[in-house]
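Beneath this line is the structure, given in C-alpha coordinates, with notes to follow.
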Amino acid sequence: MHAPLLPRIAVALGACCALDAARAETPSVSEPAALVESAPATATITEPELAGHLQFLSSDLMKGRDTASPEIRIASEYLATRLSTLGAEPVGDLDGDAPTYFAHFPLEFSTPEIEGTELTITIEQDDVTWEIAGKVKEDFILVPRNLAPGAVEAPVVFAGYGRTGTGDEPNDFDAVEVKDRIVLVLDGLPPGDEPEAEGRRNAQASGASSFTKLQAARDRGALALLVVHPFDSGDTRPYAESNPFALRMFGRRSMTLGASSNDGTPLLFLEDRLRDGIDEALTLSDDPATPRELESTRARFAFASTVELIEDRNVIGMFPGRDEELRREVVVYSAHYDHVGVINGEIHNGADDNGSGTSALLEVAQAIAEGERPRRSVAFLWVSGEEKGLLGSRWWSEHMTLPNGYEVVANINMDMVSRNDPNRVSITPSPEHPDYSTIIPAAVAALELEAMEADFDADQFYARTDSFNFARLGIPIIFFFAGVHDDYHRPGDDFEKADVGKAVRISRAAYRLGWAIAEADDRPQKIRPETESDADADEDAESKADAEAQAEPAGATHDH
(Lines give C-alpha, C1' and ligand atoms only; values in the text may rest on other atoms or scores of the structure.)
Protein backbone atom coordinates (compact mmCIF):
# COMPACT_ATOMS: atom_id res chain seq x y z
CA MET A 1 0.00 0.00 0.00
CA HIS A 2 1.43 3.31 -1.08
CA ALA A 3 -0.33 6.45 0.11
CA PRO A 4 0.81 10.07 0.01
CA LEU A 5 1.82 11.46 3.36
CA LEU A 6 0.19 14.84 3.97
CA PRO A 7 0.04 17.08 7.03
CA ARG A 8 -3.27 17.04 8.83
CA ILE A 9 -5.73 19.23 6.93
CA ALA A 10 -6.79 22.41 8.69
CA VAL A 11 -10.47 22.59 9.51
CA ALA A 12 -12.61 24.53 7.09
CA LEU A 13 -13.56 28.10 7.85
CA GLY A 14 -16.81 28.15 9.73
CA ALA A 15 -16.18 24.94 11.70
CA CYS A 16 -17.16 25.33 15.29
CA CYS A 17 -14.77 26.14 18.13
CA ALA A 18 -15.24 22.67 19.60
CA LEU A 19 -13.75 21.11 16.48
CA ASP A 20 -10.82 23.52 16.59
CA ALA A 21 -10.16 22.53 20.19
CA ALA A 22 -10.27 18.86 19.33
CA ARG A 23 -7.85 19.41 16.43
CA ALA A 24 -5.50 21.27 18.77
CA GLU A 25 -4.98 17.98 20.63
CA THR A 26 -3.22 16.62 17.55
CA PRO A 27 0.57 17.01 17.95
CA SER A 28 2.47 19.16 15.50
CA VAL A 29 4.23 17.13 12.84
CA SER A 30 6.47 19.89 11.53
CA GLU A 31 9.39 20.22 13.96
CA PRO A 32 11.22 16.88 13.58
CA ALA A 33 10.69 17.02 9.79
CA ALA A 34 12.22 20.50 9.71
CA LEU A 35 15.27 19.32 11.64
CA VAL A 36 16.32 16.36 9.47
CA GLU A 37 18.27 18.63 7.14
CA SER A 38 20.35 19.86 10.08
CA ALA A 39 21.86 16.47 10.93
CA PRO A 40 25.58 17.28 10.96
CA ALA A 41 27.41 14.06 10.07
CA THR A 42 25.68 12.31 7.16
CA ALA A 43 28.94 12.35 5.19
CA THR A 44 30.53 9.92 7.65
CA ILE A 45 28.21 7.17 6.40
CA THR A 46 30.02 5.70 3.39
CA GLU A 47 29.77 2.73 1.07
CA PRO A 48 33.28 1.31 1.71
CA GLU A 49 32.75 1.22 5.46
CA LEU A 50 29.27 -0.27 5.34
CA ALA A 51 30.41 -2.79 2.74
CA GLY A 52 33.31 -3.83 4.98
CA HIS A 53 31.01 -4.51 7.92
CA LEU A 54 28.53 -6.39 5.77
CA GLN A 55 31.14 -8.49 3.97
CA PHE A 56 32.55 -9.75 7.26
CA LEU A 57 29.23 -10.37 9.00
CA SER A 58 27.79 -12.28 6.03
CA SER A 59 30.91 -14.30 5.21
CA ASP A 60 30.96 -18.09 5.36
CA LEU A 61 33.18 -17.76 8.41
CA MET A 62 30.11 -16.61 10.37
CA LYS A 63 28.07 -19.69 9.33
CA GLY A 64 24.81 -17.78 9.15
CA ARG A 65 25.01 -16.23 12.66
CA ASP A 66 22.50 -18.61 14.20
CA THR A 67 21.05 -17.64 17.57
CA ALA A 68 23.22 -18.75 20.52
CA SER A 69 25.90 -20.12 18.19
CA PRO A 70 29.67 -19.60 18.51
CA GLU A 71 29.52 -17.43 15.40
CA ILE A 72 26.86 -15.08 16.79
CA ARG A 73 29.15 -14.62 19.78
CA ILE A 74 31.94 -13.54 17.42
CA ALA A 75 29.54 -11.10 15.77
CA SER A 76 28.62 -9.64 19.15
CA GLU A 77 32.28 -9.09 19.97
CA TYR A 78 32.70 -7.32 16.64
CA LEU A 79 29.79 -4.99 17.40
CA ALA A 80 30.93 -4.30 20.95
CA THR A 81 34.45 -3.52 19.75
CA ARG A 82 33.08 -0.99 17.29
CA LEU A 83 31.01 0.66 20.02
CA SER A 84 34.07 0.90 22.22
CA THR A 85 36.12 2.40 19.39
CA LEU A 86 33.43 5.01 18.77
CA GLY A 87 33.32 5.98 22.44
CA ALA A 88 29.82 4.76 23.22
CA GLU A 89 29.02 4.22 26.87
CA PRO A 90 28.31 0.57 27.74
CA VAL A 91 24.79 0.22 29.16
CA GLY A 92 24.41 -3.55 29.25
CA ASP A 93 24.73 -6.01 32.13
CA LEU A 94 27.10 -5.31 34.98
CA ASP A 95 30.42 -7.09 35.33
CA GLY A 96 30.93 -6.43 39.00
CA ASP A 97 30.17 -2.74 39.29
CA ALA A 98 31.05 -1.89 35.68
CA PRO A 99 28.48 -1.96 32.84
CA THR A 100 29.31 -3.93 29.71
CA TYR A 101 28.13 -3.77 26.11
CA PHE A 102 26.30 -7.09 26.50
CA ALA A 103 22.76 -7.68 27.75
CA HIS A 104 22.28 -11.41 28.24
CA PHE A 105 18.96 -13.21 28.02
CA PRO A 106 17.97 -16.80 28.85
CA LEU A 107 16.94 -19.29 26.21
CA GLU A 108 15.52 -22.74 26.36
CA PHE A 109 15.82 -25.53 23.83
CA SER A 110 12.93 -27.91 24.31
CA THR A 111 11.96 -31.11 22.53
CA PRO A 112 8.40 -32.26 23.29
CA GLU A 113 8.06 -36.04 23.46
CA ILE A 114 5.06 -38.19 22.56
CA GLU A 115 6.11 -40.88 25.01
CA GLY A 116 5.06 -39.72 28.45
CA THR A 117 2.56 -37.06 27.32
CA GLU A 118 -0.67 -38.48 28.73
CA LEU A 119 -4.08 -37.58 30.13
CA THR A 120 -6.04 -39.51 32.74
CA ILE A 121 -9.54 -38.57 33.90
CA THR A 122 -10.84 -40.29 37.03
CA ILE A 123 -14.58 -40.23 37.85
CA GLU A 124 -16.23 -41.74 40.92
CA GLN A 125 -19.97 -42.36 40.55
CA ASP A 126 -22.13 -44.59 42.77
CA ASP A 127 -19.21 -46.52 44.19
CA VAL A 128 -17.89 -47.06 40.68
CA THR A 129 -14.55 -45.61 39.58
CA TRP A 130 -14.12 -44.72 35.93
CA GLU A 131 -10.61 -44.19 34.61
CA ILE A 132 -10.46 -42.72 31.14
CA ALA A 133 -6.87 -42.61 29.91
CA GLY A 134 -5.39 -41.37 26.67
CA LYS A 135 -2.09 -40.68 24.95
CA VAL A 136 -1.16 -37.79 22.72
CA LYS A 137 -1.57 -38.45 18.99
CA GLU A 138 -3.84 -41.44 19.58
CA ASP A 139 -6.43 -39.90 21.88
CA PHE A 140 -5.77 -36.15 21.98
CA ILE A 141 -3.60 -33.47 20.49
CA LEU A 142 -2.11 -30.22 21.77
CA VAL A 143 0.31 -27.55 20.61
CA PRO A 144 3.39 -28.30 22.75
CA ARG A 145 4.64 -24.73 22.97
CA ASN A 146 5.47 -22.63 26.05
CA LEU A 147 4.67 -25.53 28.36
CA ALA A 148 6.82 -26.67 31.25
CA PRO A 149 7.48 -30.41 31.46
CA GLY A 150 5.78 -32.18 34.33
CA ALA A 151 2.28 -33.02 35.50
CA VAL A 152 -0.75 -31.05 36.65
CA GLU A 153 -3.62 -32.67 38.54
CA ALA A 154 -6.83 -30.96 39.64
CA PRO A 155 -10.62 -31.24 39.84
CA VAL A 156 -12.53 -30.96 36.56
CA VAL A 157 -15.39 -28.54 35.92
CA PHE A 158 -17.66 -28.42 32.89
CA ALA A 159 -18.11 -24.98 31.27
CA GLY A 160 -20.61 -25.93 28.59
CA TYR A 161 -19.64 -24.39 25.26
CA GLY A 162 -17.18 -22.04 26.93
CA ARG A 163 -18.99 -18.91 25.77
CA THR A 164 -17.10 -15.70 26.47
CA GLY A 165 -19.80 -13.06 26.16
CA THR A 166 -19.73 -9.66 27.81
CA GLY A 167 -22.50 -7.54 29.26
CA ASP A 168 -25.84 -9.34 28.90
CA GLU A 169 -24.33 -12.09 26.74
CA PRO A 170 -23.70 -15.45 28.45
CA ASN A 171 -20.21 -16.14 29.75
CA ASP A 172 -19.82 -19.76 30.78
CA PHE A 173 -16.50 -19.13 32.51
CA ASP A 174 -18.24 -16.84 35.00
CA ALA A 175 -20.98 -19.38 35.70
CA VAL A 176 -18.67 -21.86 37.42
CA GLU A 177 -15.47 -21.61 39.45
CA VAL A 178 -12.51 -22.40 37.17
CA LYS A 179 -9.56 -21.19 39.27
CA ASP A 180 -7.13 -24.02 39.95
CA ARG A 181 -9.36 -26.36 37.93
CA ILE A 182 -9.04 -28.25 34.68
CA VAL A 183 -11.90 -27.03 32.49
CA LEU A 184 -13.84 -29.15 30.00
CA VAL A 185 -15.72 -27.37 27.18
CA LEU A 186 -17.49 -28.23 23.96
CA ASP A 187 -16.07 -27.02 20.67
CA GLY A 188 -17.83 -24.17 18.89
CA LEU A 189 -21.12 -22.59 20.03
CA PRO A 190 -24.58 -23.95 20.88
CA PRO A 191 -26.92 -24.60 17.93
CA GLY A 192 -28.45 -21.33 16.84
CA ASP A 193 -25.63 -19.23 18.30
CA GLU A 194 -23.17 -19.77 15.48
CA PRO A 195 -21.94 -16.61 13.71
CA GLU A 196 -23.56 -15.98 10.35
CA ALA A 197 -20.30 -15.20 8.58
CA GLU A 198 -17.67 -17.84 8.21
CA GLY A 199 -14.01 -17.47 8.90
CA ARG A 200 -11.48 -17.67 11.68
CA ARG A 201 -11.59 -13.97 12.56
CA ASN A 202 -15.38 -14.03 12.93
CA ALA A 203 -15.16 -17.18 15.07
CA GLN A 204 -12.73 -15.47 17.41
CA ALA A 205 -14.90 -12.38 17.65
CA SER A 206 -17.97 -14.46 18.51
CA GLY A 207 -16.21 -16.53 21.17
CA ALA A 208 -16.35 -19.75 19.13
CA SER A 209 -12.57 -20.01 18.81
CA SER A 210 -10.89 -22.48 21.14
CA PHE A 211 -8.08 -19.98 21.65
CA THR A 212 -10.57 -17.34 22.78
CA LYS A 213 -11.89 -19.87 25.28
CA LEU A 214 -8.35 -20.67 26.39
CA GLN A 215 -7.67 -17.00 27.06
CA ALA A 216 -10.81 -16.71 29.14
CA ALA A 217 -9.88 -19.82 31.13
CA ARG A 218 -6.30 -18.63 31.63
CA ASP A 219 -7.43 -15.19 32.77
CA ARG A 220 -9.49 -16.85 35.50
CA GLY A 221 -6.73 -19.09 36.74
CA ALA A 222 -7.60 -22.39 35.06
CA LEU A 223 -4.80 -24.96 34.91
CA ALA A 224 -5.75 -26.53 31.56
CA LEU A 225 -8.54 -26.50 28.98
CA LEU A 226 -9.95 -29.69 27.46
CA VAL A 227 -11.97 -29.28 24.24
CA VAL A 228 -14.27 -31.97 22.80
CA HIS A 229 -16.60 -32.13 19.82
CA PRO A 230 -20.27 -31.46 20.69
CA PHE A 231 -22.14 -34.64 21.61
CA ASP A 232 -24.62 -34.34 18.75
CA SER A 233 -22.06 -33.49 16.07
CA GLY A 234 -22.30 -36.89 14.39
CA ASP A 235 -19.34 -38.08 12.35
CA THR A 236 -16.52 -35.63 12.99
CA ARG A 237 -13.05 -35.36 11.59
CA PRO A 238 -10.46 -36.40 14.19
CA TYR A 239 -8.53 -33.48 15.65
CA ALA A 240 -5.28 -35.21 14.70
CA GLU A 241 -6.29 -35.01 11.02
CA SER A 242 -7.52 -31.43 11.07
CA ASN A 243 -4.51 -30.13 13.04
CA PRO A 244 -1.44 -32.05 11.79
CA PHE A 245 0.86 -29.11 12.57
CA ALA A 246 0.53 -29.72 16.31
CA LEU A 247 1.75 -33.30 16.07
CA ARG A 248 4.68 -32.39 13.82
CA MET A 249 6.11 -30.32 16.65
CA PHE A 250 6.70 -33.40 18.78
CA GLY A 251 10.23 -34.70 18.53
CA ARG A 252 11.49 -31.43 17.05
CA ARG A 253 13.68 -29.06 19.02
CA SER A 254 12.47 -25.49 19.33
CA MET A 255 13.76 -22.39 21.06
CA THR A 256 11.92 -20.06 23.40
CA LEU A 257 12.87 -17.57 26.05
CA GLY A 258 14.06 -19.11 29.31
CA ALA A 259 12.10 -21.20 31.78
CA SER A 260 10.18 -18.16 33.03
CA SER A 261 8.39 -18.02 29.66
CA ASN A 262 7.03 -21.56 30.01
CA ASP A 263 3.91 -20.44 31.80
CA GLY A 264 1.41 -21.44 29.13
CA THR A 265 -1.92 -23.08 29.88
CA PRO A 266 -2.26 -26.47 28.15
CA LEU A 267 -4.97 -26.66 25.49
CA LEU A 268 -5.94 -30.25 24.70
CA PHE A 269 -8.31 -31.40 21.95
CA LEU A 270 -9.79 -34.75 22.96
CA GLU A 271 -10.86 -37.26 20.36
CA ASP A 272 -14.39 -38.67 20.45
CA ARG A 273 -13.39 -41.88 22.24
CA LEU A 274 -12.40 -39.91 25.33
CA ARG A 275 -15.45 -37.63 25.01
CA ASP A 276 -17.81 -40.58 24.86
CA GLY A 277 -16.17 -42.21 27.87
CA ILE A 278 -16.64 -39.02 29.90
CA ASP A 279 -20.26 -38.71 28.79
CA GLU A 280 -21.02 -42.32 29.66
CA ALA A 281 -19.99 -41.64 33.24
CA LEU A 282 -21.37 -38.09 33.65
CA THR A 283 -24.19 -37.87 31.03
CA LEU A 284 -23.19 -34.34 30.11
CA SER A 285 -25.06 -34.70 26.81
CA ASP A 286 -28.39 -34.46 28.68
CA ASP A 287 -27.74 -30.74 29.24
CA PRO A 288 -24.68 -29.80 27.20
CA ALA A 289 -24.98 -26.00 27.37
CA THR A 290 -25.12 -25.63 31.16
CA PRO A 291 -21.83 -25.15 33.08
CA ARG A 292 -21.57 -27.09 36.32
CA GLU A 293 -19.32 -28.62 38.92
CA LEU A 294 -18.43 -32.26 38.39
CA GLU A 295 -18.35 -34.05 41.70
CA SER A 296 -15.56 -36.55 42.28
CA THR A 297 -14.02 -35.89 38.87
CA ARG A 298 -10.31 -35.23 38.54
CA ALA A 299 -7.83 -35.11 35.68
CA ARG A 300 -4.08 -35.53 35.48
CA PHE A 301 -2.17 -34.21 32.47
CA ALA A 302 1.51 -35.07 32.07
CA PHE A 303 3.69 -33.30 29.51
CA ALA A 304 7.03 -34.84 28.54
CA SER A 305 9.81 -32.69 27.14
CA THR A 306 13.59 -32.61 27.26
CA VAL A 307 14.94 -29.17 28.10
CA GLU A 308 18.34 -27.50 27.66
CA LEU A 309 18.92 -24.07 29.21
CA ILE A 310 21.36 -21.73 27.43
CA GLU A 311 21.76 -17.99 26.94
CA ASP A 312 22.53 -15.47 24.22
CA ARG A 313 23.20 -11.77 24.35
CA ASN A 314 22.17 -8.48 22.85
CA VAL A 315 24.69 -5.69 22.30
CA ILE A 316 24.01 -2.13 23.44
CA GLY A 317 25.85 1.15 23.80
CA MET A 318 24.68 4.72 24.30
CA PHE A 319 25.79 8.24 23.42
CA PRO A 320 24.47 10.59 26.13
CA GLY A 321 22.65 13.69 24.93
CA ARG A 322 24.08 17.14 25.51
CA ASP A 323 21.01 18.50 27.32
CA GLU A 324 21.11 17.87 31.08
CA GLU A 325 17.34 17.38 31.27
CA LEU A 326 16.50 15.75 27.92
CA ARG A 327 19.39 13.26 28.02
CA ARG A 328 17.22 10.98 30.16
CA GLU A 329 14.99 10.50 27.12
CA VAL A 330 16.53 7.93 24.77
CA VAL A 331 16.10 7.28 21.06
CA VAL A 332 16.94 3.62 20.45
CA TYR A 333 18.14 2.33 17.10
CA SER A 334 17.71 -1.43 16.72
CA ALA A 335 18.56 -4.24 14.32
CA HIS A 336 18.75 -7.99 14.75
CA TYR A 337 22.16 -9.42 14.02
CA ASP A 338 21.22 -13.11 14.03
CA HIS A 339 20.15 -15.18 11.05
CA VAL A 340 19.16 -18.83 10.54
CA GLY A 341 22.59 -20.51 10.48
CA VAL A 342 23.25 -23.69 8.53
CA ILE A 343 20.27 -25.64 7.18
CA ASN A 344 20.68 -29.04 5.52
CA GLY A 345 24.41 -28.43 5.25
CA GLU A 346 24.06 -25.08 3.45
CA ILE A 347 25.20 -21.82 5.03
CA HIS A 348 22.54 -19.12 4.98
CA ASN A 349 24.70 -16.01 5.18
CA GLY A 350 21.87 -13.53 5.67
CA ALA A 351 23.56 -10.56 4.02
CA ASP A 352 20.32 -8.65 3.57
CA ASP A 353 18.58 -10.35 6.50
CA ASN A 354 19.92 -8.77 8.53
CA GLY A 355 23.58 -8.12 7.90
CA SER A 356 22.41 -4.99 6.10
CA GLY A 357 20.54 -3.53 9.05
CA THR A 358 23.30 -4.55 11.44
CA SER A 359 25.92 -2.79 9.31
CA ALA A 360 23.69 0.24 8.79
CA LEU A 361 23.44 0.72 12.56
CA LEU A 362 27.22 0.66 12.84
CA GLU A 363 27.43 3.50 10.33
CA VAL A 364 24.70 5.51 12.07
CA ALA A 365 26.50 5.01 15.38
CA GLN A 366 29.66 6.43 13.83
CA ALA A 367 27.73 9.48 12.60
CA ILE A 368 26.29 10.09 16.06
CA ALA A 369 29.76 9.70 17.58
CA GLU A 370 31.51 12.07 15.17
CA GLY A 371 28.86 14.77 14.78
CA GLU A 372 27.46 17.22 17.27
CA ARG A 373 25.53 15.36 19.93
CA PRO A 374 21.77 15.91 19.90
CA ARG A 375 19.95 16.96 23.05
CA ARG A 376 18.53 13.53 23.84
CA SER A 377 20.57 10.37 24.30
CA VAL A 378 20.89 7.89 21.44
CA ALA A 379 21.36 4.16 22.04
CA PHE A 380 22.25 1.38 19.61
CA LEU A 381 20.80 -2.06 20.27
CA TRP A 382 21.62 -5.18 18.30
CA VAL A 383 19.41 -8.09 19.27
CA SER A 384 19.69 -11.82 18.73
CA GLY A 385 16.90 -14.39 18.58
CA GLU A 386 14.77 -12.40 16.12
CA GLU A 387 14.59 -15.33 13.75
CA LYS A 388 13.31 -17.52 16.60
CA GLY A 389 10.45 -15.19 17.46
CA LEU A 390 11.77 -11.71 18.37
CA LEU A 391 13.24 -13.21 21.54
CA GLY A 392 16.15 -10.86 22.25
CA SER A 393 14.12 -7.69 21.75
CA ARG A 394 11.26 -9.05 23.79
CA TRP A 395 13.57 -9.79 26.70
CA TRP A 396 15.36 -6.43 26.51
CA SER A 397 12.12 -4.45 26.22
CA GLU A 398 10.95 -6.15 29.41
CA HIS A 399 14.34 -5.90 31.19
CA MET A 400 15.80 -2.63 29.90
CA THR A 401 19.41 -2.03 30.91
CA LEU A 402 19.45 1.75 30.62
CA PRO A 403 20.68 3.84 33.57
CA ASN A 404 18.15 4.53 36.31
CA GLY A 405 15.73 7.28 35.36
CA TYR A 406 16.27 6.92 31.61
CA GLU A 407 13.35 6.05 29.34
CA VAL A 408 12.91 5.11 25.70
CA VAL A 409 10.90 7.67 23.73
CA ALA A 410 11.35 6.29 20.20
CA ASN A 411 12.61 3.23 18.36
CA ILE A 412 14.08 3.21 14.84
CA ASN A 413 14.39 -0.35 13.54
CA MET A 414 16.25 -1.47 10.41
CA ASP A 415 15.71 -4.95 9.01
CA MET A 416 16.58 -5.95 5.41
CA VAL A 417 17.56 -2.66 3.77
CA SER A 418 19.78 -3.66 0.81
CA ARG A 419 17.57 -5.15 -1.91
CA ASN A 420 14.89 -4.28 -4.50
CA ASP A 421 14.18 -0.85 -6.02
CA PRO A 422 17.22 1.34 -5.23
CA ASN A 423 15.10 4.47 -4.82
CA ARG A 424 12.26 3.19 -2.63
CA VAL A 425 11.92 1.78 0.87
CA SER A 426 8.91 0.60 2.82
CA ILE A 427 8.12 2.03 6.23
CA THR A 428 5.55 1.18 8.86
CA PRO A 429 3.35 2.29 10.58
CA SER A 430 1.42 3.92 7.76
CA PRO A 431 -0.93 6.89 8.15
CA GLU A 432 -3.80 4.39 8.45
CA HIS A 433 -2.13 2.45 11.25
CA PRO A 434 -3.23 3.15 14.84
CA ASP A 435 0.41 3.64 15.87
CA TYR A 436 1.15 6.30 13.24
CA SER A 437 3.21 9.03 14.89
CA THR A 438 5.19 12.22 14.33
CA ILE A 439 8.19 10.03 13.51
CA ILE A 440 6.78 9.14 10.10
CA PRO A 441 6.55 12.61 8.47
CA ALA A 442 10.12 13.26 9.62
CA ALA A 443 11.21 9.95 8.09
CA VAL A 444 9.63 10.86 4.76
CA ALA A 445 11.45 14.20 4.80
CA ALA A 446 14.74 12.47 5.64
CA LEU A 447 14.30 9.99 2.80
CA GLU A 448 13.55 12.79 0.34
CA LEU A 449 16.89 14.39 1.21
CA GLU A 450 18.51 11.11 0.12
CA ALA A 451 16.44 11.03 -3.10
CA MET A 452 14.35 8.13 -1.84
CA GLU A 453 10.62 7.62 -1.69
CA ALA A 454 8.70 5.97 1.14
CA ASP A 455 6.15 3.24 0.44
CA PHE A 456 3.44 2.60 3.03
CA ASP A 457 2.99 -1.06 2.14
CA ALA A 458 4.61 -2.79 5.13
CA ASP A 459 1.94 -2.72 7.83
CA GLN A 460 1.54 -6.48 7.44
CA PHE A 461 5.12 -6.82 8.68
CA TYR A 462 4.57 -4.53 11.68
CA ALA A 463 4.52 -7.36 14.23
CA ARG A 464 7.21 -9.45 12.53
CA THR A 465 10.28 -7.47 13.50
CA ASP A 466 11.86 -6.21 16.70
CA SER A 467 10.29 -2.76 16.75
CA PHE A 468 7.02 -4.48 17.66
CA ASN A 469 8.36 -5.23 21.14
CA PHE A 470 8.74 -1.48 21.68
CA ALA A 471 5.40 -0.65 20.07
CA ARG A 472 3.49 -2.99 22.35
CA LEU A 473 4.76 -0.88 25.28
CA GLY A 474 3.33 2.28 23.71
CA ILE A 475 6.67 3.56 22.38
CA PRO A 476 6.44 5.26 18.94
CA ILE A 477 8.42 3.29 16.35
CA ILE A 478 9.40 3.15 12.72
CA PHE A 479 10.54 0.10 10.75
CA PHE A 480 12.67 0.62 7.60
CA PHE A 481 12.24 -2.38 5.29
CA ALA A 482 13.32 -2.80 1.66
CA GLY A 483 11.07 -5.82 1.09
CA VAL A 484 11.34 -9.57 0.60
CA HIS A 485 13.01 -11.23 -2.37
CA ASP A 486 13.72 -14.66 -3.85
CA ASP A 487 16.72 -15.19 -1.55
CA TYR A 488 14.78 -14.55 1.65
CA HIS A 489 15.85 -17.22 4.18
CA ARG A 490 17.72 -19.07 1.45
CA PRO A 491 21.42 -19.79 0.87
CA GLY A 492 21.54 -17.15 -1.89
CA ASP A 493 21.24 -14.16 0.46
CA ASP A 494 24.91 -13.27 -0.04
CA PHE A 495 26.98 -10.11 0.11
CA GLU A 496 27.46 -9.96 -3.67
CA LYS A 497 23.71 -9.38 -4.16
CA ALA A 498 23.42 -6.55 -1.65
CA ASP A 499 22.82 -3.02 -2.90
CA VAL A 500 25.26 -1.31 -0.56
CA GLY A 501 24.50 2.11 -2.05
CA LYS A 502 20.83 1.74 -1.16
CA ALA A 503 21.71 0.64 2.38
CA VAL A 504 23.92 3.72 2.74
CA ARG A 505 21.14 6.08 1.65
CA ILE A 506 18.67 4.47 4.04
CA SER A 507 21.30 4.68 6.78
CA ARG A 508 21.77 8.39 6.15
CA ALA A 509 18.02 8.93 6.24
CA ALA A 510 17.75 6.94 9.45
CA TYR A 511 20.59 8.99 10.96
CA ARG A 512 18.87 12.24 9.98
CA LEU A 513 15.65 10.97 11.49
CA GLY A 514 17.15 9.86 14.79
CA TRP A 515 19.17 13.04 15.16
CA ALA A 516 16.06 15.15 14.52
CA ILE A 517 13.99 13.21 17.05
CA ALA A 518 16.75 13.53 19.61
CA GLU A 519 17.14 17.25 18.93
CA ALA A 520 13.48 18.30 18.82
CA ASP A 521 11.72 20.12 21.65
CA ASP A 522 9.03 17.46 22.01
CA ARG A 523 9.32 13.72 22.14
CA PRO A 524 7.45 11.79 19.40
CA GLN A 525 3.71 11.47 19.73
CA LYS A 526 1.11 9.36 18.03
CA ILE A 527 -1.26 10.95 15.53
CA ARG A 528 -4.83 9.77 15.23
CA PRO A 529 -5.56 8.36 11.77
CA GLU A 530 -7.59 10.45 9.38
CA THR A 531 -11.24 9.44 8.97
CA GLU A 532 -13.88 10.16 6.36
CA SER A 533 -15.58 12.53 8.76
CA ASP A 534 -12.43 14.66 8.83
CA ALA A 535 -12.95 15.49 5.16
CA ASP A 536 -16.52 16.58 5.87
CA ALA A 537 -15.65 18.99 8.67
CA ASP A 538 -17.75 21.87 7.39
CA GLU A 539 -20.84 19.63 7.06
CA ASP A 540 -20.85 18.06 10.51
CA ALA A 541 -18.29 19.89 12.63
CA GLU A 542 -20.04 19.52 15.94
CA SER A 543 -20.47 15.75 15.80
CA LYS A 544 -16.83 15.29 14.77
CA ALA A 545 -15.65 17.44 17.65
CA ASP A 546 -17.63 15.32 20.09
CA ALA A 547 -16.18 12.11 18.65
CA GLU A 548 -12.62 13.37 18.71
CA ALA A 549 -12.96 14.77 22.21
CA GLN A 550 -13.94 11.28 23.43
CA ALA A 551 -10.92 9.67 21.76
CA GLU A 552 -7.98 10.33 24.08
CA PRO A 553 -4.75 10.69 22.08
CA ALA A 554 -2.39 7.74 22.49
CA GLY A 555 0.55 8.42 24.76
CA ALA A 556 4.13 8.31 23.58
CA THR A 557 5.96 7.78 26.81
CA HIS A 558 7.13 4.67 28.53
CA ASP A 559 7.97 4.89 32.20
CA HIS A 560 10.29 2.37 33.77
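The values are calculated or read from the model by the stated rules, or taken from the named source; none is laboratory data. Remember, predicted model here, so these are calculated numbers, not experimental data. Positions of Cβ are generated from backbone atoms using ideal geometry, with glycine treated the same way; all protein chains shown enter the neighbour counts. Ligands, DNA and RNA are stripped out before the accessible areas are found, and what is left, the full protein with its side chains, is counted by its heavy atoms. Shrake-Rupley method; radii C 1.70, N 1.55, O 1.52, S 1.80 Å.
Miscellaneous remarks
- H104 long-range amide H proximity, modeled H, under 5 Å: D93, N314
- Label point 7 Å beyond Cα of R145 along Cβ direction - residues of the stretch 242-286 with amide nitrogen under 16 Å: 243-258, 261-269
- Charge tally for I114 (other residues, Cβ to Cβ under 13 Å; Lys, Arg +1; Asp, Glu -1): -1.
- The residues neighbouring A148, those whose beta-carbon lies less than 11 Å from its own, together hold a net charge of -2 under the Lys/Arg +1, Asp/Glu -1 convention.
- Value at 222 nm in deg cm²/dmol, rounded to 500, when DSSP H runs of n ≥ 4 in the chain each add -39,500 (n - 2.57): -7500 deg cm²/dmol
- Inter-centroid distance (Cα atoms) of the stretch 373-424 relative to the stretch 482-533, Å: 12
- Summing Cβ point charges (Lys, Arg +1; Asp, Glu -1) relative to the Cα centre of the stretch 90-148 gives a dipole of roughly 380 debye.
- On the basis of the beta-carbon distance and an R0 of 35 Å, D174 and K135 show a calculated FRET efficiency of 0.55.
- Degrees separating the helix 210-219 axis from the principal Cα axis of the chain, which is the longest one: 90
- Relative to the dominant Cα principal axis of the chain, helix 357-370 is inclined by about 40°.
- Counting only DSSP beta bridges whose two residues both lie in the chain, roughly 65 percent are antiparallel.
- Packing-based order for 420-432, 327-339, 369-381, using average beta carbon neighbours within 10 Å, highest first: 327-339, 369-381, 420-432
- Between helix 500-519 and the chain: long-axis angle, C-alpha atoms, 0 to 90°, nearest 10: 90
- Note on exposure: V152, V183 ranked by accessible area (1.4 Å probe, complete protein assembly) read V152, V183, with the most exposed listed first.
- Between A302 and E398, the contour length at 0.36 nm per residue exceeds the Cα-Cα span by 31.5 nm.
- Counting DSSP beta bridges with both ends in the stretch 314-439, the antiparallel % (nearest 5): 35
- Compared with the alpha-carbon gap, the fully stretched path from D193 to L449 is longer by 86.5 nm at 0.36 nm per residue.
- Shape summary of the stretch 23-148, radius of gyration then Dmax from alpha carbon positions: 27.9, 85 Å.
- Signed unit charges on C-beta, dipole axis of the chain, positive-most listed residue L274, Q525, G355: G355
- With each label modelled as a point 7 angstrom along the Cα→C-beta vector, the D60-F211 pair spans 4.1 nm.
- Considering the stretch 83-134, its Cα convex hull presents a mean projected area of 8.5 nm².
- Cα gyration tensor category, rounded, prolate or oblate, for the stretch 46-116 with a/c compared to 1.5: oblate
- Taking the 1.4 Å solvent-accessible surface of the chain as the whole, the part contributed by carbon and sulfur is 47%.
- Each of L361, L61, L282 has its accessible area taken with a 1.4 Å probe; listed largest first, they run L61, L282, L361.
- Overall form of the stretch 355-480 per C-alpha gyration tensor (a/c, 1.5; a/b vs b/c): rounded
- Normalised contact order of the chain, rounded percent, pairs of Cα under 8 Å and 6 or more residues apart: 24
- The Cα-based radius of gyration of the chain, divided by its Kirkwood radius, gives an Rg/Rh of 1.04.
- Residue separation of K497 and N344 scaled by 0.36 nm, minus their Cα-Cα distance, works out to 52.9 nm of gained length.
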